[in-house]
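Engineer: I'd like to ask you about the structure that follows.
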Amino acid sequence: MCWDALDLWRQGLIMADLPRRIIKETQRLMQEPVPGISAVPDDANARYFHVIVTGPEDSPFEGGLFKLELFLPEDYPMSAPKVRFITKIYHPNIDRLGRICLDILKDKWSPALQIRTVLLSIQALLSAPNPDDPLANDVAELWKINEGEAIRNAKEWTRRYAMDN
Amino acid sequence: MTEVGREPSRKYGLAEEIYERYLDQQNPNYEICLGYGDSLSRCGRVREAIDVYAQCFRLGSVPLESLKHLASALLDSVRSAAGPRRRSEASFVCPACEGTLFQPVTAACGHTYCRTCFEPNKGCKVCGQKLGAIGETNVLVQRLVEKWWPREAEASRARHEGDKLIKEGQVAQALEHYDLAVQLAPDSPLHLSNRAHALHLLNRPQASLTDADHAVRLRPDWGKGHYRRGVALSCLGRYEEAFSALCTCVTIDGNPQPVRQELTRLLHRMLAPSLRRQNVISSRAPYHLGQDISARSQRNKRHQMLLPLMSPIQNHQREEALNTSDCEDNSSGEEEITQSICRRLLFASDSPDNGKLHAILDRVYQEVRKLKIDTRPAEILLPPLTAAGSGGGEFDCILCCRVLWKPVTTPCGHTYCWMCLDRCLDYSSACPLCITSLADYLASSQKTVTDFVERALKIVTPCEYAARATNDRAELVKGLGSGLGSEEIAVFICTTAFPCVACPLFVYEPRYRLMVRRCLESGIGQFGIAACLNRDETGTKKYAEYGTMLEIRDRVLLKDGCSILSTTGGRRFRVLGGDEKDGYDTAQVEFLRDSFVQPDQLSGLLELHDKVRSKGRRWWSTVAPSQQDEIQRVFGRMPETEDDWPRLPDGPSWTWWLLAILPLGPQLQAGILGTTSLEKRLRAIEKTLDHMEQWQLTDAAQPSGEAETPASICRDEDAVMDEVSVVQDS
């Protein structure tokens, strides 16, 4: 699947006036995918990626397949990619709209980071929710007061929104 | 030689004359002789000085210190007798130790040294610039050195450790490290030379000489080896050879400083009467300088015999020049007589040993002249020429993923393309890789290309590097409206500027820093500016349909990377379509110019022009002087009317000056900018002035008149707006 996608991408998009950096990163994402993460560029827009992150083991999100969208702005890699969860997720650092509270996507962004490293960080965020730096206040609140219930909710949401679809 | 201390020699020339007079009248006296010898030395008259010093030794014991002037003069004369030195850069070694880089650190000037060779307060050995604060290890250079020359790198580590131990006085331990270094890189004369030094310190001159000989055999064109040889030979009492070796060292290195002391000691021993009797072993160098290798010693002898025959006059002249300072006046017959008398007095018993020293000197001069000096560092290291070297992406910039172009290394030791680093610093002052603050580096604006990496790129990936250079130029000018017929320009979305009118700008946004830098680096020096009209909910900005080109007159770069631009308005344009490049807007545009004035319209236009101008002047006179000053400081004085204004593409410049200072909204300004009819523009200005006047009157009529507020200006604007919409519709 990866190779097909790469070929498609080569045929259709390599001609576009893409920076070498984006071409290289895309090639590497295709050829050496990160375990548990798939990122495929859109047919029409090579700066837009369809991302699927599998819920990490031993986390309330285990077994889920989470869809995300990732967009490389015009001044990437000087600016961070814009990433958003499409699949609904019960997580203290991810809000209803799927926006992610992650420092490397904001002030801690460095041009030496890559799509790959960003997605790995997001995967790590699923393994280690940080209710002290919340984006979804209600979720974070519950996560702090009653972690057990919060985790039950997260599992329920995972089953409901991130499986079998 | 004549350059050698011309100024001081004038003084010593006089001193020497005085000594001669004195010696002429009195018998030779130790003190006077010594002074005379010093003066002769300082005048560069080496041979005479030798004779005088020899006499001194006969008269009393001469302290070592007294011979330093002779040593200096001798070294200077030897150095200047040699041909020009060419410094060859074809190696990748540390400029200080001339060996394989160990813990490489790149200085502000872009040259890379071993950490232990880096002396912050000293000048760079390559370019002379002060090295400055020491940074972190250059990661890329370290990786390349270890990959390309693994054994040499290991040997270099051992050598540096040995050097450290020598400094601490642990010579025996140092010797072990040097042994290892020699074992790892047996072809490097550097390790042998250092080991020779250690052996010398351990008082093992014969072993020291063996290493020094070996070093010189490996690299006859490396001065330090000859120096070590000279020291060892001197210890062994082989003065003649030592003398020759030290002179060869100076000839190659061109730097007499390190050798001076050793030579002083050597001369002292050679001139001392007790030692001069010693039988000197005939010299046979263990090395070959110059291209002839076979039967050198034989040829050498022949050479010595032939040389005077082949070019006796030339030779004589040369010798003369070497031994007499041109600063003194030898023309006077009287003085010649004095000198001859003096000499007779002094050297009545000219010993054959003196002659021996002269003979050595003769031979040294001959050898020195024959040397072909192409100064090369101790170790010759070149990167592998295999194409595979470039395939691994080891020269790729981590930011753009292309082969490094104009590589620069940060104080934290990371290497990026010059442009890539510039762009990063527009956004953040942290190093992209290690997050170290580069604020000081940015403020000092000391960026220089890392010489090591650039030269390696040129050797290992010549095609890619050349391609990057070509592409870089193309990328730089792309979308900046440079090409012939290309009407794509970069747009600064900010405000409306007008032709011929100054427009100062403060550039702080990262994207505009990049844009301005590209405009300047490409030499295009201009960009478009258009007013920002509004920003819709999605954050997408809309900008005015009409704008003006701005020509950059001056740029003050601030320490944080922001800059203040002085610009002047140029051509007007209409935006046809827009795009984005690395964060800033670009636009396809057509340039505007006023439509031609028909002959039958000219008189009417002249009349209108004069009327509006006088109205404008009248209004200007009503502006408060403090405001006038403020305005004039930014926009200058109201321009005079150009003689050919009806034919100018933008009409008379005073209209634009007035438009820039009249209180008009951005929409209105952009509208007026877009008119290509001078008449309509004049009418719009007239209307605005009329409104202003009217408003001033009503304002004056109301005693409680509120202060001039933006709201009150807006009131006016509505009225003018009608006029302009009429202007634009028609």
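The values are calculated or read from the model by the stated rules, or taken from the named source; none is laboratory data. Since the structure is predicted, the reported quantities are computational estimates derived from the model, not experimental observations. A quick note on method: Cβ atoms are made from the backbone with ideal geometry, for glycine too, and the neighbour counts reach across all protein chains shown. For the accessible areas, the whole protein counts, side chains as well, though only heavy atoms, and no ligand, DNA or RNA atoms are used. Shrake-Rupley method; radii C 1.70, N 1.55, O 1.52, S 1.80 Å.
Engineer: Quick check on my link table: of A:K106/B:K478; B:K125/B:K370; B:K130/B:K447, which ones sit more than 24 Å apart, alpha carbon to alpha carbon? Before the final figure, lay out each step's value.
Structural biologist: Values: A:K106/B:K478 30 Å; B:K125/B:K370 27 Å; B:K130/B:K447 14 Å.
Distance filter (> 24 Å) returns A:K106/B:K478; B:K125/B:K370.
Engineer: If you don't mind, there's one more thing I want to ask. Dividing the Cα convex hull volume of the range A:77-148 by residue count, how many Å³ per residue is that?
Structural biologist: Residue-normalised Cα hull volume stands at 85 Å³.
Engineer: Can you tell me the 0 to 90 degree angle between the C-alpha axis of helix A:20-31 and the longest principal axis of chain A, rounded to 10?
Structural biologist: 70
Engineer: Two-decimal Rg/Rh of the range B:540-698 from alpha-carbon positions, Kirkwood Rh?
Structural biologist: Result for the range B:540-698 is an Rg/Rh of 1.00.
Engineer: Once the principal axes of the Cα atoms of the range A:29-82 are found, what is the range along each, listed largest first in whole angstroms?
Structural biologist: Each principal axis gives a Cα extent; for the range A:29-82 these are 37, 22, 18 Å.
Engineer: With a 1.4 Å probe and all protein chains in place, put B:C56, B:C97, B:C434, B:C500 in order of accessible area, largest first.
Structural biologist: Result, largest first: B:C500, B:C434, B:C97, B:C56.
Engineer: Which of rounded, prolate, oblate describes the range B:647-702, given a ≥ b ≥ c as roots of the alpha-carbon gyration tensor eigenvalues and a/c under 1.5 marking rounded, otherwise prolate only if a/b is larger than b/c?
Structural biologist: Values: a/c = 2.62, a/b = 2.12, b/c = 1.24.
Note, shape of the range B:647-702 comes out prolate.
Engineer: Once you order the gyration tensor axes a ≥ b ≥ c over the Cα atoms, which shape class does chain A get: rounded for a/c under 1.5, otherwise prolate or oblate by comparing a/b with b/c?
Structural biologist: prolate
Engineer: Mind grabbing the interface size between B and A? I mean buried accessible area, both sides, 1.4 Å probe, in Å² to the nearest hundred. Provide the component values of the computation, followed by the final result.
Structural biologist: Values: alone 35140 and 9060 Å², together 42990 Å².
The buried area between B and A, both sides summed, comes to about 1200 Å².
Engineer: What accessible area per residue, rounded to a whole number of Å², is obtained for the range A:5-161 using a probe radius of 1.4 Å?
Structural biologist: Working: 7620 Å² over 157 residues.
About 49 Å² of surface per residue is accessible.
Engineer: Per-residue Cβ counts within 10 Å, from other chains only, averaged over B:416-424: what number is that? Display every interim value, and only then the final one.
Structural biologist: Working: counts 2, 0, 0, 0, 4, 1, 0, 4, 5.
Partner Cβ neighbours, averaged per residue: 2.
Engineer: Please list B:Y508, B:Y584 from largest to smallest accessible area, probe radius 1.4 Å, with all protein chains kept in place.
Structural biologist: B:Y508, B:Y584
Engineer: Let me ask something else about it. What percentage of the solvent-accessible surface of the range B:133-220, computed with a 1.4 Å probe over protein heavy atoms, is contributed by carbon and sulfur atoms?
Structural biologist: Heavy-atom surface of the range B:133-220 belonging to carbon and sulfur, 1.4 Å probe: 50 percent.
Engineer: Over the range B:164-232, one equal point on each Cα, no solvent: what is log10 I(q)/I(0) by the Debye formula at q = 0.15, 0.21, 0.22 Å⁻¹?
Structural biologist: With no solvent term, the Cα-only Debye profile gives -0.39, -0.77, -0.84.
Engineer: Taking each residue of B:433-441 in turn, how many C-beta atoms of other protein chains fall within 10 Å of its C-beta, and what is the average?
Structural biologist: Per-residue shielding by partner chains comes out at 1.
Engineer: Quick one: accessible surface of B:L64, probe radius 1.4 Å, all protein chains present, in square angstrom to the nearest 10.
Structural biologist: In the full protein context, B:L64 sits at about 70 Å².
Engineer: If you look at just the Cα atoms of the range B:40-183, how large are its Rg and its Dmax in Å?
Structural biologist: 21.3, 64
Engineer: Calculated FRET efficiency, A:L18 and B:L520, Cβ-Cβ r, R0 22 Å, to nearest 0.05? Show your work: numbers first, answer last.
Structural biologist: Numbers: r = 27 Å, r/R0 = 1.20.
Calculated transfer efficiency: 0.25.
Engineer: Report B:C400's accessible area, 1.4 Å probe, all protein chains in place, as a number in Å² to the nearest 10.
Structural biologist: The accessible area comes out at roughly 10 Å².
Engineer: What three numbers, in Å, describe the spread of the alpha carbons of the range B:612-659 along their principal axes, ordered from the longest?
Structural biologist: 35, 21, 16
Engineer: Next question, about the same structure. Quick one: grab Rg to one decimal and Dmax as a whole number for the range B:478-592, Cα atoms only, in Å.
Structural biologist: Both quantities, over Cα of the range B:478-592: 13.2, 38 Å.
Engineer: At 7 Å along the Cα-to-beta-carbon direction for both B:K167 and B:N471, put a label point, then send me their distance in nm to one decimal.
Structural biologist: Result for the modelled spin labels: 4.4 nm.
Engineer: If you take the square roots of the eigenvalues of the alpha-carbon gyration tensor of the range A:111-163 and sort them as a ≥ b ≥ c, do you get rounded (a/c under 1.5), prolate (a/b over b/c) or oblate? Please report the intermediate quantities before stating the final value.
Structural biologist: Working: a/c = 3.01, a/b = 1.58, b/c = 1.90.
Judged from the Cα gyration tensor, the range A:111-163 comes out oblate (a/c at least 1.5, b/c at or above a/b).
Engineer: Just read off the accessible area of B:M419 with the full protein assembly in place, 1.4 Å probe, to the nearest 10 Å².
Structural biologist: Accessible area, nearest 10 Å²: 40 Å².
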